[in-house]
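A short worksheet on the structure shown next.
What follows draws every value from the coordinates through simple rules; no lab data is involved. Computed from a predicted model, the values in this text were never measured in an experiment. Methodologically, a virtual Cβ is constructed for each residue, glycine included, from the backbone with ideal geometry; neighbour enumeration extends over all protein chains shown.
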Amino acid sequence: MSFSEQLSTLFAKYNVIDAFWTNVQLTFWAAIGAFVLGSILALMRISPVPSLRAAGTAYVHLVRNTPLTILMTLAILGVWTQFQLSLSSNFETNFFLYAIIVLAIYHAAFVCEAIRSGVNTVPTGQAEAARAIGLGFMPTARYVIFPQALRGSITPLGNTLIALAKNTTVATVASVAEASGMMKSMIEFNSDLVFMIFFVFAMGFVVIVVPIGLLTTWASRKLAVKR
Amino acid sequence: MSQEALVQVRGVNKHYGALHVLKNINLEVGKGEVIILLGPSGSGKSTLCRTINRLETIDNGEILIDGKVLPAEGKELAKLRADVGMVFQSFNLFAHKTILDNVTLGPRKVRGLSKSEAEAEAMQLLKKVGVDSQANKMPAQLSGGQQQRVAIARALAMKPKVMLFDEPTSALDPEMVNEVLETMVSLAREGMTMIVVTHEMGFARRAADRIVFLADGEIIEQSSPDEFFSNPKSERARDFLGKILNH
Ligand SMILES: Nc1ncnc2c1ncn2[C@@H]1O[C@H](COP(=O)(O)OP(=O)(O)O)[C@@H](O)[C@H]1O
Ligand SMILES: [Mg+2]
């Protein structure tokens with residue numbers, strides 16, 4: 001079979017685009033969740049309250065050092081199977097939501113550290129100046145620290161987003177029909193096309209990931225703070 | 001002083017680990033008074049300044065601003081801090097905000113002024129310190145002297161009762177020192193209560209009502225500038241002046 005014949009055989013039998021679309025959706029929703037949770041964790045880790053700091057630190061270390069597959073398995077076999085905690089009456093949607101939540105929880109730890117590395121680029125003197133004009137912790141974070149920290153965090157946040165996009169394949173553990181699961185079954189039934197299959201999926205992820213990288217590089221240049 | 005002092009520091013001690021940085025400090029600053037803190041490097045001048053608006057905590061003793069004890073935490077502290085302006089050696093302007101926004105942030109978010117009110121007041125202050133023409137620039141586009149004058153305007157925008165200056169001209173190129181000192185002299189003439197850490201002896205002579213001399217975390221002596229410079233009482237002050245004035 002020629003290159004194009006191989007391709008059309010695969011695309012005729014499988015809805016590759018749909019599978020990748022699932023990964024894109026997982027990436028999108030988990031990214032939002034991870035960003036919100038990660039920002040809260042970052043706030044906790046820089047807060048003046050020792051117990052909040054400790055809780056934030058514990059979360060990051062615990063979650064960051066646990067393999068994602070294990071978290072996903074824990075969510076499905078532990079939370080879902082043991083407690084029957086249903087997030088949707090639709091079976092597929094339920095697992096899809098589980099996957100998003102686990103991905104968000106996991107990547108929030110990395111988002112937190114990315115933001116914190118950005119916070120470290122903001123001179124402490126500016127935080128002191130903000131406190132000295134009477135701004136409390138939250139207004140100081142909101143108006144002075146975070147706007148500058150985010151600019152410094154764009155590159156590590158971009159890297160986290162890229163990792164997230166690739167890590168969506170772990171959702172297959174939660175029986176979500178996404179690209180890597182499809183790839184596995186394709187290879188099972190078309191072992192003669194294994195290199196072609198690999199090529200298709202590798203390219204699929206390149207198509208998702210490369211724009212993220214370009215975008216973050218562009219954004220971090222565009223938004224760099226002049227000192 | 002007959003009237004109650006605006007700033008009262010009573011029996012304040014502070015340690016950094018084993019280092020006793022402030023040793024039983026007692027200091028009263030009257031309304032409109034200009035105090036210059038002098039002392040060798042590491043004597044605790046910055047630390048004392050920073051405890052007065054609680055950027056540093058204290059171990060014991062108390063600090064009162066206009067009769068109110070500085071609270072330890074929270075909203076009350078933020079409110080009292082707004083009454084104490086601070087100017088830092090390194091300017092510390094908000095790098096992502098324009099000059100105008102640097103000055104209006106506090107009045108808008110702490111005092112609750114509208115944007116237009118805050119901007120009108122900010123422009124007056126910027127004019128007063130001579131940088132109104134730079135209002136829409138970013139801090140990095142200004143010279144050090146201009147940045148420090150903006151920092152002074154930013155602190156004044158809160159209408160503070162007292163202003164703290166921690167070596168405000170030490171990070172400046174020599175040709176910019178005077179423009180900042182001039183701004184401070186005119187503030188002093190307007191009756192602003194000021195506590196200033198500086199090595200500018202000319203300024204100290206000219207603007208100070210009282211010199212407070214610190215060494216090793218202790219107030220060694222306090223006197224009028226004339227008396228301090230011509231007839232220092234302590235050996236340590238004589239030593240310090242000898243080193244500074246012979247350069
Ligand atoms: N954050 C800190 N942690 C530990 N030691 C400090 C800290 N800040 C200042 N010190 C020490 O406290 C002493 C007084 O410092 P400082 O108040 O900055 O003196 P000055 O402003 O008179 O030069 C110095 O010995 C300094 O090394
Ligand atoms: Mg100092």
| Order of B:Asp239, B:Asp173, B:Asp66 from fewest to most other C-beta atoms within 10 Å? | B:Asp173, B:Asp239, B:Asp66
| query | What residues have an amide H closer than 5 Å to that of B:Glu56, excluding those fewer than 5 places away on the same chain, when H is modeled at 1.01 Å from N in the peptide plane? | reply | B:Thr51
| Residue by residue through the range A:149-164, which ³J(HN,Hα) values in whole Hz follow from phi under the Karplus form 6.51 cos²θ - 1.76 cosθ + 1.60 (θ = phi - 60°), with glycine and proline marked x? | 5, 4, 4, x, 8, 4, 5, x, 5, x, 4, 5, 5, 5, 4, 4
| message | Please rank B:Glu76, B:Glu56, fewest neighbouring Cβ atoms within 10 Å first, as an exposure proxy. | response | B:Glu76, B:Glu56
| said: Using 22 Å as the Cα-Cα cut-off, could you pick out the over-long pairs in B:Lys31/B:Lys68; B:Lys45/B:Lys109; A:Lys222/B:Lys137; B:Lys75/B:Lys137; B:Lys45/B:Lys128; B:Lys45/B:Lys243? | reply: B:Lys45/B:Lys109; B:Lys75/B:Lys137; B:Lys45/B:Lys128
| note | Magnitude of the Cβ-charge dipole (Lys and Arg +1, Asp and Glu -1) of chain A about the Cα centre, nearest 20 debye, reported as 1180 debye
| query | Under the definition of Cα pairs under 8 Å and six or more residues apart, what whole-number percent is the relative contact order of the range B:23-109? | reply | 15 percent
| request: Could you tell me how many degrees, from 0 to 90 and to the nearest 10, lie between the Cα long axis of helix B:235-245 and the main elongation axis, the longest principal axis, of the Cα atoms of chain B? | output: 50 degrees
| message | Just to check I understand the Karplus step: with θ = phi - 60° and J = 6.51 cos²θ - 1.76 cosθ + 1.60, what whole-Hz values come out for the range A:22-34, glycine and proline as x? | response | 4, 4, 5, 5, 4, 4, 4, 5, 5, 5, 4, x, 5
| query | For chain B, what percent of Cα pairs sit more than 27 Å apart? | reply | 36 percent
| remark: Share (percent) of C-alpha pair distances in the protein assembly as shown greater than 37 Å works out to 45 percent
| said: Show me, for the range A:117-133, the HN-Hα J-couplings you get by feeding each phi into the Karplus relation (A = 6.51, B = -1.76, C = 1.60, θ = phi - 60°), rounded to Hz, glycine and proline as x. | reply: 5, x, 4, 5, 7, 8, x, 4, x, 5, 5, 5, 4, 5, 5, 5, 8
| task | Treating cross-link reach as a plain straight distance, find the aspartates and glutamates whose alpha-carbon is under 17 Å from the alpha-carbon of A:Lys13, omitting any fewer than eight places away in the same chain. | result | A:Glu5, A:Glu178, A:Glu188, A:Asp192
| request: Please list, in chain and number order, the residues 5+ apart from B:Lys161 or on another chain whose amide H is under 5 Å from its amide H, with Hs placed from the backbone. | output: B:Val84, B:Gly85
| request: Collect residues whose amide H, placed 1.01 Å from N in the peptide plane, falls under 5 Å from the amide H of B:Ala215; neighbours closer than 5 in sequence don't count. | output: B:Ile220
| task | Take the Cα coordinates of the range B:68-178, assign each an equal point scatterer, and use the Debye formula without solvent to give log10 I(q)/I(0) at q = 0.11, 0.14, 0.18, 0.20 Å⁻¹. | result | -0.34, -0.55, -0.88, -1.05
| note | Most exposed to least, judged by fewest other Cβ atoms within 10 Å, B:Tyr16, A:Tyr59, A:Tyr98 sort to B:Tyr16, A:Tyr59, A:Tyr98
| said: How big is the range A:21-177 along each principal axis, measuring the range of its Cα positions in Å and listing the largest first? | reply: 54, 31, 27
| query | Taking N as the number of residues in the range B:1-146, what value does Rg over Cα atoms divided by 2.2 N^0.38 Å take? | reply | 1.21
| Net charge, B:His20 excluded, C-beta distance under 11 Å - Lys, Arg +1, Asp, Glu -1 | -1
| remark: Largest fluctuation, A:Val173, A:Val207, A:Val36 only, Gaussian network model of chain A with Cα springs under 10 angstrom, belongs to A:Val207
